[in-house]
Amino acid sequence: MDDATARTRLQNMLGDLERSIAVLRGDPVAVRERSAADAGADLTDADRTRAMLDVATRQRNAVLSALKRLDEGSYGRCLDCGRTVPEGRLEARPEASRCVQCQAKRERRR
Ligand SMILES: [Zn+2]
């Protein structure tokens, strides 16, 4: 995946996340758009909404930092070991900042 493709995908993700976050925070305009788009979505459960907001916010931060790495020219390299993150991983998760091994290590430490 080249940088231009990565940037487009990240920017699309960012747009989606911004919209989701606005909806989850209860922005009235976004809520209206959303309920038109997928009527029946149950957003009344406050805990679930908070959890989703949490995930969306974390993901948005990951996308933003991936875009920053694109600008700096370090995109696609693992933050921890410096090796190239495999193409397949970036295809699945363009915002990934670490190779599978280093990510697994971090998650174990948590
Ligand atoms: Zn690594």
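The values are calculated or read from the model by the stated rules, or taken from the named source; none is laboratory data. A quick note: this is a predicted structure, and the numbers were derived from the prediction, not measured. Side chains are part of the model used for accessible areas, which takes the heavy atoms of the whole protein and leaves out ligands, DNA and RNA. Shrake-Rupley method; radii C 1.70, N 1.55, O 1.52, S 1.80 Å.
Rounded to the nearest whole Hz, the Karplus-based 3J(HN,Hα) values (6.51 cos²θ - 1.76 cosθ + 1.60, θ = phi - 60°) of segment 12-20 follow the sequence 5, 4, 4, x, 4, 5, 4, 5, 4, with x at glycine and proline. For Arg77, the amide hydrogen comes within under 5 Å of the amide hydrogens of Val85, counting only partners 5 or more places away or on other chains and with H modelled in the peptide plane. Rounded to the nearest whole Hz, the Karplus-based 3J(HN,Hα) values (6.51 cos²θ - 1.76 cosθ + 1.60, θ = phi - 60°) of segment 94-109 follow the sequence x, 8, 4, 10, 9, 6, 4, 4, 5, 4, 4, 4, 4, 5, 5, 5, with x at glycine and proline.
Taking every protein chain into account, the 1.4 Å probe leaves Glu72 with about 120 Å² of accessible area, to the nearest ten.
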